[in-house]
Amino acid sequence: MLSNEQSFLTSFPERHAAYTTPRMDIVELAPKTAMQILDVGCSNGAIGRTLKNIKPERSVCGIELDPIFAAEASKYLDYVINADLSSLDWNIALNDRNFDCIIFADVLEHLIDPSHCLDQALKHLRPGGSIIVSLPNIRHISAIWAIFFRGSFPRRNRGIFDSTHLRWFTLNDAQNLLTEHGLNISDVSVALRWGDTGGGYINKILNRLPKSLQTWWPIREFLTYQVSMRGEKTG
């Protein structure tokens, strides 16, 4: 019988693939001046590894729940904490470590209390530092189709309806999550999709649209599958 960790990694290849990519949209949101970075939910270290490849002098730490992912990430990152965010004592785990940038890439929607987690992270973010979050958009057209037309709230192994999600966000919710914590949103990146799956000709066209069209209200609200935002700590 597979352990929970083995089941997570081997039984659901779609989920494994979704959480082990370098996520260049996140990498590009990270300030070039950020030298001390914390990747919360760092998975196998793919994002942190890319950030270090760009600037080898960077220090990238990670926090990861899955012990197999954490062990893999520790090969590439400077320091990895294998812990559950719902019970993590940030002060003990990080001691006096502070960061220029803290990343939550597809993490907050998996938590019982995302706001509390952000509160703890902000205590370890230097003034002028950045918080980067990536969240799925529950207002996406595929969610509208499933809920309002088919009358079903799916539970899947990946995407907006990942069965491990505990919280759901619209674009406004994502923005408010940052601003309510005193962060000024300085950059936004959206991943557009026509349906629930990536790739394909139509999706490529959507993501090559001029910024003015990507931010046009109907496209922004209903075709944004995932939004990534950078918020700046001013005080």
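Odds and ends about this structure:
- Among residues of the range 68-115 being of a type in the set (Asp, Glu) and assigned to a loop (DSSP other than H, G, I, E, B), the one that is nearest to the chain's Cα centre (by Cα) is ASP106.
- Residue pairs whose Cβ atoms lie under 6 Å apart, separated by 6 or more positions or on different chains, with the first residue in the range 133-158 and at pLDDT below 95 and the second in a helix (DSSP H, G or I) and surrounded by 15 or more Cβ atoms within 10 Å (Cβ to Cβ), are SER152/ALA146; PRO154/ALA146; ASN157/ARG15; ARG158/ARG15; ARG158/ALA18.
A quick yes/no check of all residues on (1) assigned to a strand (DSSP E or B); (2) of a type outside the set (A, V, I, L, M, F, W, C); (3) closer than 23 Å to ARG23 by Cα:
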residue	(1), (2), (3)
SER134	yes, yes, yes
ILE147	no, no, no
GLY159	no, yes, yes
THR164	no, yes, yes
ARG167	no, yes, yes
ASN172	no, yes, yes
LEU178	no, no, yes
ASN184	yes, yes, yes
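- Only one of the numbered conditions (1) in contact (Cβ under 8 Å) with a residue 24 or more places away in the chain; (2) surrounded by fewer than 19 Cβ atoms within 10 Å (Cβ to Cβ) is not met by SER163, and that is (1).
- Residues (out of contact with any helix residue (DSSP H, G or I) (no Cβ under 8 Å at 6 or more places or on another chain), surrounded by 14 or more Cβ atoms within 10 Å (Cβ to Cβ) and part of a helix (DSSP H, G or I)) located in the range 190-206: ASN203
Let's see how each residue does on (1) touching a Leu at 6+ places or on another chain (Cβ under 6 Å); (2) on the phi > 0 side of the Ramachandran plot; (3) at pLDDT 95 or above:
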site: ASP162; (1), (2), (3): no, no, no
site: LEU178; (1), (2), (3): no, no, yes
site: ASN184; (1), (2), (3): no, no, yes
site: GLY200; (1), (2), (3): no, yes, no
site: LEU213; (1), (2), (3): no, no, no
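- Counted residues, the range 73-115 - those being modelled with pLDDT of 95 or more, surrounded by 19 or more Cβ atoms within 10 Å (Cβ to Cβ) and charged (D, E, K, R): 2
- Meets criteria (farther than 20 Å from GLN36 by Cβ and within 16 Å of the chain's Cα centre (by Cα)) for LEU65: yes
- Test result for PHE169, of a type in the set (Phe, Trp, Tyr) and farther than 18 Å from VAL107 by Cα: no
The values are calculated or read from the model by the stated rules, or taken from the named source; none is laboratory data. Everything quoted here is computed from the prediction, not taken from an experiment. Please note: Cβ atoms are built from the backbone with ideal geometry, for glycine as well, and neighbour counts cover all protein chains shown.
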